[in-house]
Amino acid sequence: MKFSTKDRYALLLMVELASATPGEYLPLKAVSDNQGISVKYLEQIVPMTDDVQFKAELLRQRNVYHQLNQEAHTAIEACGGTAQGQSAMAKFNTKMGISMKTLTDKSTRNLAEMLTQGSGMGVVDCVKAQKDYPNAAPGTKRLVQRLQDFQEDSRVKLEQFL
């Protein structure tokens, strides 16, 4: 199974939100510039819901992603590396897919479904990474396991909005 375009856009948006300072205003234009996603497409996946519980869950997830993202960047920098983004082709595929999947349905349910699928794929990616790199540093293994646990927890919590 692969991430759909809409899933990738939503995850890129979540990563961008996680990278922002908590409580800081983050305009879609800044996300667009940083992630190479047009504002038009971002507007299609930003929840237009009044569901307070859904918004609270997204905020909770954003805060945890922010923490895990910071830890990952710190670990990468400590090894002398830099984080890499998506290729131009992956970004284009994401743009096209999100456009099609949200053309007629921008509901909370549809957004929750997209994020649930993305979280499920996040679990799969973590399992694959653990199998592909059995000799990774213990700190890396712990961080991946925490991410996997968080992805599974997020998936379960988002299912209530389906």
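Readers should treat all values here as calculations from the given coordinates under stated rules, not as data from a laboratory. As the structure is a prediction and not an experimental result, all values here were calculated from the model. For neighbour counting, all protein chains shown are included, and Cβ atoms are generated from backbone atoms with ideal geometry for every residue, glycine included.
Coupling constants for the stretch 129-134 follow from the phi torsions by the Karplus curve (6.51 cos²θ - 1.76 cosθ + 1.60, θ = phi - 60°), and in residue order they are 4, 5, 6, 6, 10, x Hz; glycine and proline get x. Across the stretch 76-81, coupling constants 3J(HN,Hα) worked out from phi with the 6.51/-1.76/1.60 Karplus curve, θ = phi - 60°, read 5, 5, 5, 8, x, x Hz, and Gly and Pro carry x.
In terms of distances greater than 24 angstrom between alpha carbons, the cross-link table entries K55/K131; K29/K91; K91/K131; K106/K157; K55/K141; K29/K55 yield K55/K131; K91/K131; K55/K141. A protection proxy built from the mean count of other Cβ atoms within 10 Å ranks the segments 57-66, 115-124, 140-149, most packed first, as 115-124, 57-66, 140-149.
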